[in-house]
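Peer 1: Before I ask anything, here is the structure I am working with.
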Amino acid sequence: MALPLHDQARVKLPKDFLEWQECVIKFRRRGADFIPVIIDPVSVDLKTWTGIEREVVWAPQRGSQAIFLRCDEIEVLLEGNRGGGKTDVALMDFYAGVNKGYGTEWRGVLIRQTHPMLRDVIEKSKKLFKRLCPAAFYNEIKYMWEFPTGERLYFSHFNESRDFDNFLGHSYAWICWEELTRWPNDEFYKQMFSVLRSTMPGMPRKIRATTNPYGVGHAWVQARFHLYNWPQEGVILGPLIKGHEDKATGIKEADRRAIHSDLHENKLLKFTDPEYLSRIKQSARNKSEEEAWVKGSWDITAGGMFDDLWGLLREQITKPFFIVPHSWVIFRALDWGSAKPYSVGYYAVSDGTDLTFPDGRVMATVRGDMFRVGEIYGWKGQPNEGLRETATQIAHRIIEYEVKRGWRMQDGKRGRVRRGPADTGIFDKVNNNCIADDFEQPQLVWGVKFGGIVWEYADKGPGSREQGWAAIRKRMQAVMRPENGYREFPGLFIMQEENVVNHWIRTVPGLPRDEKKIDDVDTDAEDHVADECRYALRYEGGWFKRTSGRVSGM
Ligand SMILES: Nc1ncnc2c1ncn2[C@@H]1O[C@H](COP(=O)(O)OP(=O)(O)OP(=O)(O)O)[C@@H](O)[C@H]1O
Ligand SMILES: [Mg+2]
């Protein structure tokens with residue numbers, strides 16, 4: 001049962017907190033400005049024995065803002081629909097540490113992905129901090145506030161790994177991420193834990209974040225703060241998550257929780273801009289975004305195309321190196337690229353026999369299970385930059401790779417890898433020649449003549465992209481073993497060799513959805529392995545005919 005607001009707040013508030021007394025009771029109009037009014041917590045009107053009204057520069061509104069300022073967990077997320085006052089109170093949370101005697105030790109950083117994205121919050125900070133502390137100075141070159149007592153707040157961007165260099169060796173007592181779901185995964189978020197430190201006893205250390213649901217990082221933020229079936233009517237405090245050891249880093253994490261902000265708490269906006277909600281509705285680009293912006297709902301389809309399943313099933317999907325059983329078929333699939341990377345993937349299809357790993361472990365398989373057992377990824381080592389290789393060069397690489405993997409004899413005569421699908425662009429004829437023809441030319445490798453590489457048409461008909469993504473999701477789901485039961489449907493597994501970059505794992509799980517076409521992947525993303533993978537899963541190759549009965553390509 002949901003606790004009434006008032007009681008929930010009590011759960012977390014220090015004993016000496018006078019219930020809501022420091023919150024805005026109303027806004028008083030003065031010219032174009034609306035001045036917050038609070039009841040003075042210490043002075044009382046001796047005639048009426050009621051509190052005295054006092055105009056202030058800023059005070060939290062009742063509800064999530066007041067609770068957020070008093071939350072003493074190290075890691076707190078303030079999430080909710082649009083306009084509840086999350087950004088405002090985040091800035092004030094930093095300000096709460098100013099002039100408390102912490103001096104230069106109270107260093108904060110507020111992070112977004114790029115500098116232009118910081119413009120709004122910087123403007124907001126100028127309005128607030130200048131009024132609260134006229135002697136505070138904003139350094140436009142360093143993007144930094146400096147207060148007369150030495151406290152500093154920086155505005156920074158963090159969008160790629162090397163941006164972490166800007167933080168290395170620093171220490172911060174307050175780190176705040178604005179719009180957390182805009183980061184596709186928790187990599188940078190966790191990296192910053194290492195610079196949250198201070199030697200000053202008694203000074204709080206805080207990781208704070210604000211966000212709406214929706215966005216590429218929806219799934220990881222939802223999982224991190226357990227925001228399922230959330231929000232719930234009238235509930236502000238999210239579940240307390242006890243910090244446990246992070247499996248990847250071995251670091252013991254701090255306790256954390258989310259706080260839910262709602263537009264209805266923002267009396268000022270309701271008063272000054274009553275049309276706000278309907279404008280928000282209109283500007284949402286799809287139903288999920290509308291649900292997120294208007295209701296603050298986390299139970300929506302958003303973020304990545306596969307990250308929810310990956311988060312759940314990663315350990316089942318990835319498999320260590322193994323020798324592909326003799327009775328299984330291997331075929332290859334291609335997503336062609338030149339300026340952008342190309343991707344050749346190798347898929348081993350189980351005939352239902354068991355799989356034995358080098359350490360002796362045995363795995364039962366379902367007939368039709370596909371294991372992505374190898375890859376050649378044509379990139380320059382930088383995301384989404386291709387090698388500009390010709391079809392002949394790629395065919396050469398394919399032959400070398402297959403020989404090295406033991407799937408092709410060195411005499412150039414026999415090989416066990418079957419032909420598979422490639423995107424149809426390679427069959428487009430220019431001057432009566434196409435890329436597919438070049439692939440088919442015989443190749444001289446190590447002085448031996450090998451037959452060329454033959455490709456077949458991948459399914460690229462209407463709706464094939466959406467069906468392809470659905471097929472990948474379905475096969476990912478199918479790796480899950482029901483309790484006390486056997487797997488029934490063929491799944492997709494990824495062979496991950498130790499110390500080798502696996503481009504499926506690097507690029508597929510985090511693929512963002514297209515914001516306008518929610519069932520499709522954003523085509524600006526590095527989607528070449530994903531494309532190659534969906535061609536493979538939708539391809540009903542000749543290998544099915546060799547086995548008795550037919551396994552659906554799903
Ligand atoms: N306690 C407050 N006192 C005065 N104004 C406030 C207060 N809280 C919020 N506001 C004002 O309400 C408006 C919306 O607040 P804010 O931008 O912080 O919302 P938000 O939750 O961050 O929205 P979004 O989800 O769009 O990022 C702003 O103009 C802000 O200055
Ligand atoms: Mg905001």
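Peer 1: Report, to the nearest 10°, how far helix 391-404 tilts away from the longest principal axis of the Cα atoms in the chain, using its own Cα long axis and a range of 0 to 90°.
Peer 2: The angle comes out near 80 degrees.
Peer 1: Right, another one. Okay, helix-only estimate at 222 nm for the chain: each DSSP H run of n ≥ 4 adds -39500 (n - 2.57), divide by all residues, round to 500 deg cm²/dmol; what do you get?
Peer 2: Helix contribution divided over all residues of the chain: -6500 deg cm²/dmol.
Peer 1: Could you give the spread of the C-alpha atoms of region 412-554 along their three principal axes, from largest to smallest, in whole angstroms?
Peer 2: Extents along the principal axes: 53, 40, 38 Å.
Peer 1: For a test of the definition: using alpha carbon positions, the gyration tensor, and the 1.5 limit on a/c, classify region 390-473 as rounded, prolate or oblate.
Peer 2: Judged from the Cα gyration tensor, region 390-473 comes out oblate (a/c at least 1.5, b/c at or above a/b).
Peer 1: If you don't mind, there's one more thing I want to ask. Stretched out fully, how many nm does the piece from residue 104 to residue 30 gain, at 0.36 nm a residue minus the Cα gap?
Peer 2: Between residue 104 and residue 30, full extension yields an extra 23.0 nm.
Peer 1: What span do the alpha-carbon atoms of the chain cover on each of the three principal axes, reported in whole Å from largest to smallest?
Peer 2: 103, 53, 47
Peer 1: Using alpha carbons only, how many degrees (0 to 90, rounded to 10) separate the axis of helix 119-132 from the longest principal axis of the chain?
Peer 2: 20 degrees
Peer 1: When N counts the residues of region 64-300, how does its alpha-carbon radius of gyration compare numerically with 2.2 N^0.38 Å, as a ratio?
Peer 2: 0.99
Peer 1: Right, here's the next one. What does the convex hull of the Cα atoms of region 312-542 come to per residue, in Å³, rounded to a whole number?
Peer 2: 145 Å³
Peer 1: If I take the Cα coordinates of region 463-541 and project them onto the principal axes, what are the three extents in Å, biggest first?
Peer 2: Principal axes ranked by extent give 41, 34, 28 Å for the Cα atoms.
Peer 1: What residue among 339, 533, 370 has its Cα farthest toward the positive end of the dipole of region 312-542, where the charges are +1 on Lys, Arg and -1 on Asp, Glu, each on the Cβ?
Peer 2: 370
Peer 1: Then there's this: With axes computed from alpha carbons, what is the tilt in degrees of helix 307-317 against the longest principal axis of the chain, rounded to the nearest 10 within 0 to 90?
Peer 2: In the chain, helix 307-317 runs at an angle near 50 degrees to the longest axis.
Peer 1: Mind jotting down the distance between the C-alpha centroids of region 250-289 and region 151-217, whole Å?
Peer 2: So the separation of the two Cα centres works out to 21 Å.
Peer 1: Which GluC sites (Glu not before Pro) from region 272-306 combine a DSSP loop assignment with at most 13 other Cβ atoms within 10 Å?
Peer 2: Loop-located and lightly packed - 275.
Peer 1: In the calculated pair distance distribution of region 158-294, what percentage of Cα-Cα distances lie above 17 Å?
Peer 2: The share of Cα pairs beyond 17 Å in region 158-294 comes to 69 percent.
Peer 1: Might you report the magnitude of the Cβ-based charge dipole of region 64-300 about its Cα centre, with Lys and Arg at +1 and Asp and Glu at -1, to the nearest 20 debye?
Peer 2: 440 debye
Peer 1: Suppose we flag chymotrypsin sites (Phe, Trp or Tyr not before Pro) only when DSSP calls them loop and at most 14 other Cβ atoms lie within 10 Å. Which is the longest uninterrupted stretch of the chain?
Peer 2: Value returned for the longest uninterrupted segment is 50-227.
Peer 1: From Cα coordinates alone, what are the radius of gyration and Dmax values for region 291-372 in angstrom?
Peer 2: In order Rg, Dmax, the Cα atoms of region 291-372 give 18.2, 56 Å.
Peer 1: Based on Cβ point charges of +1 for Lys and Arg and -1 for Asp and Glu, what charge dipole magnitude is obtained for the chain about its Cα centre, in debye rounded to the nearest 20?
Peer 2: My answer is approximately 120 debye.
Peer 1: Let me ask something else. Can you spot the lysines whose alpha carbon is less than 24 Å from residue 449's alpha carbon? Ignore those fewer than 8 places along the same chain.
Peer 2: Cα-Cα hits under 24 Å: 404, 413.
Quick note: the coordinates plus some simple rules give every number you see, no bench work behind them. These numbers were taken from a predicted model, which means no experiment stands behind them. Heads up, the Cβs are rebuilt from the backbone with ideal geometry, glycines too, and the neighbour counts pull from every protein chain shown.
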